[in-house]
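Working notes, beginning with the structure itself.
The values are calculated or read from the model by the stated rules, or taken from the named source; none is laboratory data. Treat the numbers as computed from the prediction; the structure is a model and nothing was measured. For neighbour counting, all protein chains shown are included, and Cβ atoms are generated from backbone atoms with ideal geometry for every residue, glycine included. Just so you know, the surface numbers come from the protein's heavy atoms only, side chains and all, with ligands and any DNA or RNA stripped out. Shrake-Rupley method; radii C 1.70, N 1.55, O 1.52, S 1.80 Å.
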Amino acid sequence: FEGKENVHITALVDFFNNMSKLVQHTVVSEPKVKQRAALFSKFADIAMICREQNNFLMSYAISSALGSTPLYRLKKTKELLPQRTVDKIEQLKELYKKGASAKPYRSALKHAVTNPCVPFIGTTMKDLTFTHDGNKDMVSGMINFYKRVLMSDSIQQLNQFQRKRYLFQPVDFIQKQLRSDFKMMEGKEGTEGYLYDRSLEIEPRES
């Protein structure tokens, strides 16, 4: 894959990263603990709604943010979370738990095949990389068609989700705001160091 870049894949990866950083930034920018807890609950609700609508990319991005180091360490904030929010965060964590098989996510994706869906591109990329790196291009001087079939299966699975479209209408001011926020996340305020420092400011380490 060296030297190859797909602008659509890059856009999906950038969206995931920027959305995750934006959620973190929103929470650590709130100085009041009760409001931070409310933001946690709101984002957990949004992530679950996205999951119910098979928008796994958005759902996973938010879930990743809620489990990130800058937010995970906010003990005082998390103590105020209602049990329903805690349960939702745990459900999301289980769905997107890391591992070679990613079984819970793959199972959910399989059941979403007949409906509009936005899959998490990272799992497909890992599958393609694993197949590409783990199988030779040529076997006994002949093209390794088995490798091509495996890679084709992964790509076809991704393509099938483009056949069904959501019926949502674009909301211009939300899209404009997100573009502006994402641009900010590509700068200093979206860096891991900045987000962690802000987390320490609102909830210093306990001595």
- Verdict on VAL118 being at pLDDT 90 or above, in contact with a strand residue (DSSP E or B) (Cβ under 6 Å, 6 or more places away or on another chain) and not basic (Lys, Arg): yes
- Taking the range 163-183 and keeping only residues that are in contact (Cβ under 8 Å) with a residue 40 or more places away in the chain and over 30 Å from THR114 (Cβ atoms), one is left with ASP181, PHE182
- Counted residues, the range 137-165 - those being open to solvent by 70 Å² or more (accessible area, probe 1.4 Å), part of a helix (DSSP H, G or I) and not aromatic (Phe, Trp, Tyr): 7
- Message: Residues to consider are LEU57, LEU12, LEU39, LEU71; find the one that is part of a helix (DSSP H, G or I), within 14 Å of the chain's Cα centre (by Cα) and either more than 26 Å from LEU128 (Cα to Cα) or at pLDDT 95 or above (or both).
- Response: LEU57
- Item | Test for LYS42: is it in contact (Cβ under 8 Å) with a residue 24 or more places away in the chain and either surrounded by fewer than 17 Cβ atoms within 10 Å (Cβ to Cβ) or of a type in the set (D, E, K, R) (or both) | no
- Item | Among the candidates ASP133, ASP127, residue that is open to solvent by 60 Å² or more (accessible area, probe 1.4 Å), free of Cβ contacts under 8 Å to residues at least 60 places away in the same chain and in a helix (DSSP H, G or I) | ASP133
- Considering each of THR77, THR26 in turn, give the residue that is of a type in the set (Val, Ile, Thr) and touching an Asp or Glu at 6+ places or on another chain (Cβ under 8 Å). THR77
- Message: Pairs needed: first member in the range 21-33, among the aliphatic types (A, V, I, L, M); second member anywhere, not in a helix (DSSP H, G or I); C-beta distance under 7 Å; at least 6 residues apart or different chains.
- Response: VAL33/LEU80
- Message: Within the range 98-121, take every residue that is open to solvent by 40 Å² or more (accessible area, probe 1.4 Å) and part of a helix (DSSP H, G or I) and give me the one that is nearest to TYR60 (Cα to Cα).
- Response: ARG106
- Message: Restricting to the range 74-84, and then to whatever is open to solvent by 40 Å² or more (accessible area, probe 1.4 Å) and not in a helix (DSSP H, G or I), can you tell me which residue is farthest from GLU201 (Cα to Cα)?
- Response: PRO82
